[in-house]
Amino acid sequence: PILVTFGDETACDSFVVAVEDQLEQQLRVLPTADVARPAVQNNGAVFICATEDEAIEVTNKWAPEHLELLVEENEARMVGKLDHFGGLFIGTLCAEVLGDYAAGPNHTLPTGGTARSTGGLSVLTFLRVRTWMDSGARTGDTMVKDVVSLAELEGLCGHAASARLRLDPPVCPATKSASATPVKLKRCTATDAKPRRCAVSDQALAGARAILKEVDTEGEKALLRIAQKFGDIKPGEPFVIERDAMEAAFNSLEETTKQVLTRAAERVRKFAEAQKSSLKAVAVDIEVGEAGHDVSPVEKAGCYAPGGRYPLPSTVLMTAVPA
């Protein structure tokens, strides 16, 4: 157990002693004390903080699996400041054990500080978000032209050709005389279909493990060396690009390219906002009060987008905008 207390130092010390006395009394009669006592002795700690805000900061840094809030005043205000936890138990009647067994919210919660980036198991864990599109009436030539521009920007000629065929009127590629073996597709029947499995070669796995080991051992130094090895950055180039530099790079683009990227970002944002609005907080009555969940964003996120030899600005749009 980790105790976080705040206020007058003398009062806090007295409170900690009272907690230790209560722990000792319970351990003396606990049938599993031979397991519990070493666990408390080796892992238990107390943070004595000067102020409420300091206590909140410590708690958020710790990002506990279970968090019991037991205060005499300002309860609602403190709840609003607590950002990182798996499950929150408010008040003396809401002991953690109630959530572990019978209150309703799940007891499979993020451990080891991972509550900073994820939540506990819930019905949402077993749901898939499957997006769909339906073209309906043909009124989206601006969007299709933007797709052509983005595909060309990324060097994906087949994507661009596919989009051109959706223009009104369609833009068909010029026919060329055959100079290669005609395409022949393998003929299959329904009985040939098998569930797909993602097969990764032993060579690829070994290479990935070697990279992870280097980064785990050497940190940013290894990451920089590997990025240079694969041509993602050149020696001497800045490893971190500041916001001013990113804005300058964007402003240096041709006006039409900036407009295409801006319109695409607006469409992605519109869809992401609709997804966000579909997620609701819930509350249900339980015998001792209420239980529920809220939906909160992670504090920080890192979005990967291919760069270097094969830059894909569309991946930036599809990751950074929703984030």
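The values are calculated or read from the model by the stated rules, or taken from the named source; none is laboratory data. Quick caveat, the model's predicted, so the values are computed rather than measured. Glycine gets a Cβ as well: all are built from the backbone with ideal geometry, and neighbour counts include every protein chain shown. In case anyone asks, the SASA skips ligands and DNA or RNA and just uses the protein heavy atoms, side chains included. Shrake-Rupley method; radii C 1.70, N 1.55, O 1.52, S 1.80 Å.
List of remarks:
- So ALA204, is it open to solvent by less than 100 Å² (accessible area, probe 1.4 Å), at pLDDT 90 or above and closer than 19 Å to PRO306 by Cβ: yes
- Check on ALA248, within 30 Å of TYR304 (Cα to Cα) and assigned to a helix (DSSP H, G or I): yes
- Those residues of the range 39-85 which are within 16 Å of GLU96 (Cβ to Cβ) and among the polar types (S, T, N, Q), in sequence order: ASN43, THR59
- ASP34 meets the conditions (1) touching a helix residue (DSSP H, G or I) at 6+ places or on another chain (Cβ under 6 Å); (2) free of Cβ contacts under 8 Å to residues at least 40 places away in the same chain in every case but one. The failed one is (1).
- Count - residues of the range 109-168 that are closer than 30 Å to LEU82 by Cα and either of a type in the set (Ser, Thr, Tyr) or in contact with a Ser or Thr (Cβ under 7 Å, 6 or more places away or on another chain) (or both): 9
Yes/no per residue for (1) at negative phi; (2) touching a Ser or Thr at 6+ places or on another chain (Cβ under 7 Å); (3) in contact (Cβ under 8 Å) with a residue 40 or more places away in the chain:
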{"residue": "GLU220", "(1), (2), (3)": "yes, no, no"}
{"residue": "GLU254", "(1), (2), (3)": "yes, no, no"}
{"residue": "VAL260", "(1), (2), (3)": "yes, yes, yes"}
{"residue": "LYS280", "(1), (2), (3)": "yes, no, no"}
{"residue": "GLU287", "(1), (2), (3)": "yes, no, no"}
{"residue": "ALA305", "(1), (2), (3)": "yes, yes, no"}
{"residue": "VAL316", "(1), (2), (3)": "yes, no, no"}
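- Taking the range 222-233 as the range and being open to solvent by 80 Å² or more (accessible area, probe 1.4 Å) and either touching a helix residue (DSSP H, G or I) at 6+ places or on another chain (Cβ under 7 Å) or assigned to a helix (DSSP H, G or I) (or both) as the test, the residues that pass are LEU223, ARG225, LYS229.
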